[in-house]
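Since the structure comes first, as structure tokens, the remarks are kept for the end.
The values are calculated or read from the model by the stated rules, or taken from the named source; none is laboratory data. Being a predicted model, the structure only gives us computed values, none of them experimental. Ideal geometry is used to build each Cβ from the backbone, glycine not excepted, and the neighbour counts take in all protein chains shown.
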């Protein structure tokens, strides 16, 4: 179940609204310290992967100069201690690896490539990785957090604190239920955003030797 976004959370996508102040965030709840907030720390703890995970995603990138969104599909693999990888399957196969050593891209032949130079692309990747890891300390350092809950369903809004990051990423909204993320929305500008649907999540995945070599380092 995906909790519908409230008008308050959607307003976070507008810099003008952000400047207007906290009252417009209602009915969303500000979560200044998710790690120690009894209403939210259980959720954040459950979302942080402690085992290998694998899931599939569909990503839709909306641009003001294109009539239709660009659609990409792929796989997400997470291995605590080794980082995570995004394997894009369409429109072309490539792998994006993020770990303690930084960001690395690989083509379908396994050759390492330079990371994207575009500032908005880097900001979106950085924010996406923070969300997929659900490292509470890192999220608190980089974002102001707001949330809404309805039973097992929840929606969280992350607004960048860092000025440089905020210039390229207005807000990030994550939805899901229990400890599963089902949708991620990244607003890189009022007219440009990325929608990601996550599905088919599996936990405690036994990656093969080939998968470790291909998708991690």
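Structure above, values below:
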| quantity | calculated |
| --- | --- |
| Residue within the stretch 112-121 that is at pLDDT 85 or above, closer than 19 Å to residue 33 by Cβ, in a strand (DSSP E or B) and more than 16 Å from the chain's Cα centre (by Cα) present | no |
| Those residues of the stretch 166-194 which are out of contact with any strand residue (DSSP E or B) (no Cβ under 9 Å at 6 or more places or on another chain) and part of a strand (DSSP E or B), in sequence order | 189 |
| The stretch 101-111 - residue that is assigned to a strand (DSSP E or B) and under 20 Å from the mean Cα position of the chain (by Cα) and, of those, surrounded by the most Cβ atoms within 10 Å (Cβ to Cβ) | 104 |
| Hey, residue 84 in contact with a strand residue (DSSP E or B) (Cβ under 8 Å, 6 or more places away or on another chain), closer than 18 Å to residue 130 by Cβ, modelled with pLDDT of 80 or more and surrounded by 15 or more Cβ atoms within 10 Å (Cβ to Cβ) or not | yes |
| Top-ranked residue in the stretch 123-144 [being touching a strand residue (DSSP E or B) at 6+ places or on another chain (Cβ under 6 Å) and outside any helix (DSSP H, G or I); ranked as surrounded by the most Cβ atoms within 10 Å (Cβ to Cβ)] | 143 |
| Of residues in the stretch 172-217 being out of contact with any helix residue (DSSP H, G or I) (no Cβ under 8 Å at 6 or more places or on another chain), crowded, with 18+ Cβ neighbours inside 10 Å and modelled with pLDDT under 90, the one nearest to residue 42 (Cα to Cα) | 187 |
